[in-house]
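Undergrad: Please see the structure below; I have some questions.
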Amino acid sequence: MPVVPEVHPAVRRRHSPMVFEPGAMISDAELDTLLDAARLAPSAGNSQPWAFIAGRRGDAVHARIVRHLAGSSARWAPDASVIVVNLARVSLEDSDDVYSDFAHYDLGQAVATMTLQALSIGFDAHQFRAFDREAVEAEFDVPRDWEITTMTAFGIAAHAPGEVVGVSRERRDRDDVTWARVRVDERG
Ligand SMILES: Cc1cc2nc3c(=O)[nH]c(=O)nc-3n(C[C@H](O)[C@H](O)[C@H](O)COP(=O)(O)O)c2cc1C
């Protein structure tokens, strides 16, 4: 089932590149816009259970991130312009009580918002989980009420969607994901 043409071009164009242009840089101002877009995402009770660690290719933070990538992501992520580590606040300080039932949901929205902001200023994004979570948490002294959930590599894709074989990019049909709906033209 094809995607209707009204879907926003940034949403249609978005894909997770397996190769990034190794010379592409991101400026401080561009990185600021990504972080600000994430900050503007909605969250349960405005709890904002997110935090980020950003390492630009060539800087000290980047070096501390890339040493903990898994073999699979180490093949492509270091060439991206910046790697952003995505953290969720999972519990209250010094307690095992859950901070917010929606912490991961909210972090996901912030990362999605950041991803679309990146596309709107010409950067592609690949979110991933292939890294040693405990090692990165130790590297940055992440407090125990926070959890590193994913990372996002932002840069300029060196290939078009589908050009490099990775996981299948097939999507489930619209009907398969829409469990109940009445179309206007079906109403009696
Ligand atoms: C939570 C999450 C974890 C992911 N982990 C990885 C990963 O470890 N390695 C990888 O190459 N891609 C990873 N991806 C990217 C997905 O494989 C990709 O989004 C999916 O196959 C759809 O392809 P597309 O983004 O190009 O449309 C991850 C994506 C998400 C949202």
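Undergrad: Report, in deg cm²/dmol and to the nearest 500, the calculated mean residue ellipticity at 222 nm for the chain, where each DSSP H run with n ≥ 4 adds -39500 (n - 2.57) and the sum is divided by the residue count.
TA: Result for the chain: -8000 deg cm²/dmol, rounded to the nearest 500.
Undergrad: While we're on this one: If eta is 0.692 mPa s and T is 37 °C, what Stokes-Einstein diffusion coefficient results for the chain, Kirkwood Rh from Cα pairs, in µm²/s?
TA: Calculated translational D: 182 µm²/s.
Undergrad: Select from 27, 5, 38 the residue farthest towards the positive end of the dipole of the range 1-116; place +1 on Cβ of Lys and Arg, -1 on Cβ of Asp and Glu, and compute about the Cα centre.
TA: It is 5.
Undergrad: Continuing with this model, one more query. Relative to a virtual label point 7 Å from the Cα of residue 72 in the Cα→beta-carbon direction, which members of the range 109-151 show backbone nitrogen distances below 16 Å?
TA: Counting backbone N atoms under 16 Å from the label point, the list is 126-133, 150-151.
Undergrad: Using θ = phi - 60° and the Karplus form 6.51 cos²θ - 1.76 cosθ + 1.60, what ³J(HN,Hα) does each residue of the range 13-23 get, whole Hz, x for Gly and Pro?
TA: For the range 13-23, the Karplus-derived couplings read 6, 4, 8, 9, x, 9, 9, 10, 5, x, x Hz, x marking Gly and Pro.
Undergrad: With the crude spin-label approximation of a point 7 Å out along Cα→Cβ, what separation in nm comes out for residue 47 versus residue 8?
TA: Distance between label points: 2.5 nm.
Undergrad: Could I ask something else about it? Around residue 149, which amide H atoms from residues at least 5 apart in sequence, or from another chain, sit under 5 Å from its own amide H, with H modelled in the peptide plane?
TA: Placed amide hydrogens put 86, 87, 88 under 5 Å from residue 149.
Undergrad: Still on this model: With loop defined by DSSP as not H, G, I, E or B, and exposure as at most 14 other Cβ atoms within 10 Å, which is the longest segment of the chain clear of exposed trypsin sites (Lys or Arg not before Pro)?
TA: Value returned for the longest uninterrupted segment is 1-66.
Undergrad: Using +1 on the beta carbon of Lys and Arg, -1 on that of Asp and Glu, and nothing else charged, what's the dipole of the range 28-158 about the Cα centre, debye to 20?
TA: For this selection, approximately 540 debye.
Undergrad: In addition: Arrange 159, 62 by Cβ neighbour counts within 10 Å, fewest through most, would you?
TA: 159, 62
The numbers here are math on the coordinates, done by the rules we state, and not lab data. Everything quoted here is computed from the prediction, not taken from an experiment. Cβ: placed from backbone, ideal geometry, glycine included. Neighbour counts: every protein chain shown.
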